[in-house]
Amino acid sequence: MMSPSSQSSTGFSAPKGPLLEAKKLAAELFGAKETWFLVGGTSCGVQAAVMATCSPGDIIILPRNAHVSATTGVIFSGA
């Protein structure tokens, strides 16, 4: 059995062993080129998605009931 200590110290940024295999299997299941596992919850994923797609100066329209993580992502992106 592989213990967490036998994993590379890079952890989630450059996984090896079972974690890498799990990412590959998840990507295949979802029909995606690659997957990322979030360890910071959904808010982390929403912020990452907004920051990856918005540039400083962009104008973003959010609904009134948008989650605070979307607003935070917009602020962090500089949009």
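Since every read-out is calculated from the coordinates, none of them should be taken as a lab result. Predicted, not measured: the structure shown is a model, and the values here were computed from it. For neighbour counting, all protein chains shown are included, and Cβ atoms are generated from backbone atoms with ideal geometry for every residue, glycine included.
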Note, region 57-62: 3J(HN,Hα) by Karplus (6.51, -1.76, 1.60, θ = phi - 60°), whole Hz, Gly/Pro = x, goes x, 4, 9, 10, 10, 10
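Taking 0.36 nm per residue of separation and subtracting the Cα-Cα distance, what length does fully extending K24 through T42 add? Mind dumping the intermediate values first?
Details: separation 18, 0.36 × 18 = 6.48 nm, distance 2.06 nm.
Extending this stretch completely gives an extra 4.4 nm.
Quick check: net charge around A14, other residues with Cβ under 15 Å of its Cβ, Lys/Arg +1 and Asp/Glu -1?
On the way: positive: K16, K23, K24; negative: E21, E34.
Once all neighbours under 15 Å are counted, the net charge is +1.
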Pseudo-spin-label distance R64 to E34, built 7 Å along Cα→Cβ, given in nm, is 4.0
Here region 72-79 yields Karplus 3J(HN,Hα) values (6.51, -1.76, 1.60; θ = phi - 60°; whole Hz; Gly and Pro given as x) of 4, x, 5, 4, 5, 6, x, 6
The extension gain from K16 to A79, computed as 0.36 nm times the residue separation minus the Cα-Cα distance, is 19.1 nm
